[in-house]
Amino acid sequence: MKSRNRTAFLRSACWLLAGTLLSGTARAENAADTEAVVVTGIRQAYRGDFTTREIPQSIAVIDAQTLADNNLLRLTDALDFNASISRQNNLGGMWDAFAVRGFVGDENLPSGYLVNGFNGGRGFGGPRDVAGLESIEVLKGPAAALYGRGEPGGTVNLVTKQARIGETFGSGSAQYGSFDRVRGEADLNLALGNALTVRLIGYGEQADSFRDTITSRRWGFLPSVGLKLGDSTRLTYDLEWTRTEAPFDRGIVALNNNFGIVPINRFLGEPGDGDHVARALGHQLRLEHAFNANWSVQVGASYRDTKLTGVSSDAALGGARQKLFRDGVSLSRERRSRRYDSEHLVLRAELSGRFTLAGMEHRILLGADHDEFDNDQDFRRRRPPALASSPSDQAGYVINIVNPVYGRFTPPEPAPNTNRLDIQIATGAYLQDQISLTDRLQLRLGGRFDHVKLRVENRLTGVQSNLGADRFSPQVGLVYNTADWLSLYAVYGEGFRANIGTDAAGRIFDPETTRSIEGGAKLSLLDGKLTGTLAVFQMDKTNVLATDTVNIGFLVAIGKARSRGAEVDLTGRLPGNLELRLSYAYVDAEARSAVIDPNSVQIASGDSLLNIPRHTVNVQLAHDMAIGAVNGRIGIGLQHVGTRLGETGTAFMLPSHTLVRLFARANLTKNIEVFGEVQNLFNRRWFANSYSTLWVQPGAPRTASIGVRARF
């Protein structure tokens, strides 16, 4: 569906859904014999009317306080606070990529996530800024029976700041940080009467970097409009309009496990390539209505248009073309260009309610969604010649890693490599019933049915491929409240995710399928002041893409993988007015079949998965205090990430790292606050992720910032 037609369809669908629901709810209100229920907030999708301890699933929340305390600005940095999440290849810093419990999606796409319950992370809008976010939910485990089409490790849901109807308030902040980072933010919630409120959120940032020649610019406008349509009905519209400009940066090289070959600040691309530019324009329209105290409905639509463009000079990975492997100083490079476009439309509706049957309470979720994702990629590259032909440094587009001279050679013109449109159209319906078998024991039964259509238009070969697939994903769980302070749970679920692309015969790959099992305990200690979850899990995945050994240059879906481990998440207050956040994860993620990966690297059964540490921990202590008339807050945090595989099919490992951070804020007056933080306090050298020994992303050295925030 082209953009103009899709936008018109979205607009019509939104108003059709809203009009249909409004007419239906008006009739329901007239007929209801129960008292009116006032809708004061927005219930999260797929959640239903459950407390956290009643859900047979591990859920961790990174709240607004944590985001503000640590002055977190990027989604990837915020996700470090949950140990179950590990960083992955981020396409030269131009998108968010992460694994949950060891599993990541398609490496050629950003990691998917939800925004207020809508699929929204697969486009090319650049790294997500945390401005406009109220909280980040990490929904772990086998929940595919509800969310559908996702990774089995879990899903990240971004909860945005909503217009608060009937209130007027605002804030603005300015800050200055290391490497000349300057940033401003504003948040204005403006009541336009008793029923209509507009919330205007925006940010702008410009920064240099610890990386040579790298300067970035970012801005975003993220307004929300809330309209009260009676005491029991609310309509919400959200806009996302953002832009990121930054050079494409693959990081440094590390040969023979030597991470000191070049300093971490050295840029090995070409400054003359200019910036990659990522743009996003998104809309969400959501309607929530409470029929009475027991039944409510949500209906909505989301549309997001993103684009990424730019050229770069990247280290060539092929050993037969890479001169660095011979002389240790001459890095052969490819010239690449990207024009990635995506359009993403989601329609969804969900009914939540409870009733009693045969003396047992039933709480149900009944919903349906429709998802269309167009992924249009024009990728071009010019590779260096094979070393067997004794190419010149100019032909190899070489840069000396010890003494780089930028602009030494005229950049080669990239040639067409991939020019393809992938279209995924998925329609699903789900039903979940949680039954109170006794006062202490609850049974959850759920299932989701999905019908997926895939179409690939290969413009280089002229071949068009189509595939239709149906899948039923069951889920069953138990929750047992042993005491006021302890509940136990267990859950089993299945799921699937569509693979993108075709095999040698032009056939679209079969979807990945997964089976997951999880068990755990939810705690409420110190009279409810300290809560947490302990969980153990195992997930198995099939139809992972691997190299076709018969048809060189093509892929097949035959791979298998497994992840298993244990987690601890604790949040709350300790004696002495100390606030604690603790997240620990042990993850053992490995290949379960001997295959050749998509980059023609041999993988053996039992090999670790890329960028997945066995041990990760993030802990933070904060203390609220007062000195005279000045109230404040101070805190210290620590993150440890263990060693992890840095290149598939090799013994190359990224070293472990332990980073310490400090933060503080002080309220100078009722409305004026100053804040500051220091990251990587002891200036440790660390590495965030890698794809190969030639694409290693170094982490930032010690950085600090200070700012002022005004509220009214």
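Where a number appears in this text, it was derived from the coordinates with a stated rule and is not lab data. It should be emphasised that the depicted structure is a prediction, and the values quoted were computed from it without experimental measurement. Cβ: placed from backbone, ideal geometry, glycine included. Neighbour counts: every protein chain shown.
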Q: Can you find, among LEU331, GLY310, ASN294, the residue farthest towards the positive end of the dipole of the stretch 286-332? Put +1 on the C-beta of Lys and Arg, -1 on that of Asp and Glu.
A: LEU331
(Q) Given the options VAL678, PHE81, ALA368, identify the residue whose Cα lies farthest towards the positive end of the charge dipole of the chain (+1 on Cβ of Lys, Arg; -1 on Cβ of Asp, Glu). (A) VAL678
Q.
Quick check on the stretch 619-673: of the DSSP beta bridges with both residues there, what percent are antiparallel, nearest 5%?
A. 100 percent
Q | For peptides 124-131, 576-583, 269-276, 70-77, sequence by mean Cβ density within 10 Å, most packed first | A | 124-131, 70-77, 269-276, 576-583
Q: Output ³J(HN,Hα) for the stretch 571-582: one whole-Hz value per residue in order, computed from phi by the Karplus curve 6.51 cos²θ - 1.76 cosθ + 1.60 with θ = phi - 60°, and x for Gly and Pro.
A: 9, x, 10, 9, x, x, 6, 9, 9, 10, 10, 9
(Q) Using the crude model of +1 on Lys and Arg Cβ and -1 on Asp and Glu Cβ, and no other charge, please compute the dipole size for the stretch 556-712 relative to its Cα centre, in debye to 20. (A) 400 debye
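Using a Förster radius of 60 Å, what is the FRET efficiency between THR356 and ALA710 based on their Cβ-Cβ separation? Nearest 0.05, please. Can you show the working numbers first?
Details: r = 52 Å, r/R0 = 0.86.
Rounded to the nearest 0.05, the efficiency is 0.70.
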Q | Between 0 and 90°, nearest 10: helix 3-31 axis offset from the chain longest Cα axis | A | 20 degrees
Q) Relative to the Cα centre, what is the charge dipole magnitude of the chain, using +1 at the beta carbon of each Lys and Arg, -1 at the beta carbon of each Asp and Glu, and rounding to the nearest 20 debye? A) 1020 debye
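For the chain, what is the number of Lys pairs with C-alpha distance below 19 angstrom, counting only pairs 8 or more positions apart or on separate chains?
For the chain, the number of qualifying lysine pairs is 6.
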**Q.** Built amide H within the under 5 Å cut-off of GLU270, gap 5+
**A.** SER313
Q: Could you go through the stretch 611-616 in sequence order and give the Karplus-derived ³J(HN,Hα) for each residue, using 6.51 cos²θ - 1.76 cosθ + 1.60 with θ = phi - 60°, rounded to whole Hz, and x for Gly and Pro?
A: 6, 10, x, 5, 10, 9
Q | For the stretch 3-711, with +1 on Lys and Arg beta carbons and -1 on Asp and Glu, the positive-most of LEU421, LEU523, ASN116 along the dipole | A | LEU421
Q: Would you please give the residues with an amide H less than 5 Å from that of GLU647, counting only those at least 5 places away or on a separate chain, with H modeled from the backbone geometry?
A: PHE652
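For a protection proxy built on the mean count of beta-carbon atoms within 10 angstrom, sort 622-629, 198-205 highest first, please. Before the final figure, lay out the partial values.
Values: 622-629: 11.2, 198-205: 19.4.
Output ranking for 622-629, 198-205: 198-205, 622-629.
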Q.
Quick check: the distance between the Cα centres of the stretch 643-662 and the stretch 512-547, to the nearest angstrom?
A. 23 Å
Q) For ILE214, which sequence-distant residues (separation of 5 or more, or a different chain) have an amide H within less than 5 Å of its own amide H, given hydrogens modelled in the peptide plane? A) SER209
**Q.** the chain - mean residue ellipticity at 222 nm from DSSP helices (-39,500 (n - 2.57) per run, n ≥ 4, rounded to 500)
**A.** -2000 deg cm²/dmol
Q. Hey, how many Å between the Cα centroid of the stretch 400-479 and the Cα centroid of the stretch 147-186?
A. 25 Å
**Q.** Listed peptides 687-694, 313-320 by packing density, highest first (mean Cβ within 10 Å)
**A.** 687-694, 313-320
(Q) Would the stretch 94-241 count as rounded, prolate or oblate if I go by the C-alpha gyration tensor, calling it rounded below 1.5 in a/c and otherwise prolate when a/b exceeds b/c, oblate otherwise? (A) oblate
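Would you please give the FRET efficiency between ASP527 and VAL674, computed as 1/(1 + (r/R0)^6) with r the Cβ-Cβ distance and R0 = 51 Å, to the nearest 0.05? Display every interim value, and only then the final one.
Numbers: r = 34 Å, r/R0 = 0.67.
Taking R0 as 51 Å, the efficiency between ASP527 and VAL674 is 0.90.
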Q: Would you mind giving the three semi-axes, in whole Å and largest first, of the ellipsoid equivalent to the stretch 3-711 according to its Cα gyration tensor?
A: 41, 31, 26
Q: Quick one: order ARG211, ARG459 by neighbouring beta-carbon count within 10 Å, fewest to most.
A: ARG459, ARG211
